[in-house]
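Step one of this worksheet: look at the structure below.
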Amino acid sequence: MSEHHDQRSEEVSALPCSRRTLRFLGVAAAAVALAVAAAGILSRSEDAKAVAKWTQAAAIPTVSTLHPKQDMAGQELVLPGDVEAWYSAPVYARVSGYLKAWYFDYGARVTKGQVLAEIETPDLDAQLSAAKAKLKSAQALVKVRESELHFADTTFARWRDAPKGVVSAQEQQAKQADYESAVARLNAGRADVAVAQAEVDRLQALESFKRVTAPFDGIVTARKTDIGALINAGSGIGGGSGPELFRVADVHKMRVYVKVPQRMANAVQVGMKAELHLPQYLDKVFAAVVATTSSAINANSRTLLVEMHAENADGLLQPGAFAQVHFSVPSDSNVLRIPTGALVFRQHGLEVAVVGPDNKIELKRVTLGRNLGADVEVLHGLSRSDRVVDSPPDALASGDVVRIAGEPAAGKEEAELERQRN
């Protein structure tokens, strides 16, 4: 009986101990659960921060850069030019009539004074005949007046030298007046002869213009008349308004005229050599030399007129031809070149994106020169040390941070983000 009572007492005393253990275990489990939950929350927060940093780093654009370059070999300036003859003269008729014959056509080579055509001038011939007849009449009248003068002179001398009392003073004065009148009539007659002779000379000079001649050695580049055509004196001579009959050009040497833009005007100097390229001679290059300039800028085109001379012994250069004139202009240390793709077209004009020392973008306004195709000239706005962004993204703006292609990531943090991303 006592044994049974002792066993029961032991069971009753063990109950409180078991409850304390369970309570402790529950608290421990709750603590572990809270710790696990806190660890999970902290881990997710760290992951979120890492993702945010990675996202921010991934959003930094990667760009490639280049430095502006200078063309140390010089620049080639190509401009259109007009080829003209050394001399070129339109040939007009100096007299009116009908074309009797022409002797040279397009492309014919002629020498100075060679007859190009002949003109029939019936009106002029009649005027010359009348003038000659008038001259002969005036000359005959002068001979009569000379005879009258001789008679008046001898009569006056006889009366003047007569002894006193033989003739009266009144009669002497009358004979003297007859003599003086004869002298005046002779002088008037001689003046009429001179006028008539001048008219004959004038008409004979016009008669010489019945033969149209070449003004200098050259080639006939135009013939604008034909046999039987009515010819009027041209070029405003004597009020004439007739058209040109021929045009003759001297092509032993040629003049080439080029209009140089004002910006390049100081680069073209007298004595500078150039090359001429003509469309009809793809395998030939003609040499030319700058002879002179107009020394003035045209107010309408803002260009400088330059005259060049080119030898043409073989006659290949033709008046009126178009030529591309290639100048070799010395390089300008202030002019830089960049690819056309580096330009940014914004509302403020042409700009170029430049990477600063802190990898931040700066948009610089630039002034351009010539467009060279793949490259453009930059006159102002850049230096050779600038890091220019090649083909910049459209959204790139001043102050944006960029990563340079080919350069390592800056700092341990970006390296860690790069590791996490991979």
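Here are a few things to note about the model shown:
- Near the amide H of Q114, within less than 5 Å, lie the amide hydrogens of A214, all on another chain or at least 5 residues away, with H placed in the peptide plane.
- Rounded to whole numbers, the Karplus 3J(HN,Hα) couplings from phi for the stretch 200-217 are 4, 4, 4, 5, 5, 5, 5, 4, 5, 7, 5, 9, 7, 10, 6, x, 6, 5 Hz, using 6.51 cos²θ - 1.76 cosθ + 1.60 with θ = phi - 60°, and x at Gly and Pro.
- Expressed as a whole percent, the accessible area of the stretch 188-266 that falls on carbon and sulfur atoms is 54 (1.4 Å probe).
- The alpha carbon centroids of the stretch 351-412 and the stretch 275-350 are separated by 32 Å.
- 5 angstrom amide H check on A93, placed H, neighbours 5+ away: G234, L245
- Relative packing of 302-308, 225-231, 91-97, which averages over residues the other C-beta atoms within 10 Å, highest first: 91-97, 302-308, 225-231
- In terms of its C-alpha gyration tensor, the stretch 253-373 has a prolate overall shape, because the principal axis ratio a/c (a ≥ b ≥ c, square roots of the eigenvalues) is not below 1.5 and a/b outweighs b/c.
- Surface share of carbon and sulfur [accessible, 1.4 angstrom probe, percent] for the stretch 325-399: 49
- Our estimate of slack between Y281 and D217, defined as 0.36 nm per intervening residue step minus the Cα-Cα distance, is 20.4 nm.
- For the stretch 327-343, 3J(HN,Hα) computed residue by residue from phi via the Karplus equation (6.51, -1.76, 1.60; θ = phi - 60°) reads 9, 9, 9, x, 5, 10, 5, 8, 9, 10, 10, 9, x, 4, x, 7, 6 Hz, glycine and proline entered as x.
- Fully extending the segment from K259 to Q172, taken as 0.36 nm per residue of separation minus the present Cα-Cα distance, adds 22.8 nm.
- A 1.4 Å probe run over the stretch 256-413, with the rest of the protein chains in place, finds 56 Å² accessible per residue.
The values are calculated or read from the model by the stated rules, or taken from the named source; none is laboratory data. Just so you know, these numbers come straight off a predicted model, no measurement behind them. Methodologically, a virtual Cβ is constructed for each residue, glycine included, from the backbone with ideal geometry; neighbour enumeration extends over all protein chains shown. Heads up: the accessible areas ignore ligands, DNA and RNA and are worked out on the full protein's heavy atoms, side chains in. Shrake-Rupley method; radii C 1.70, N 1.55, O 1.52, S 1.80 Å.
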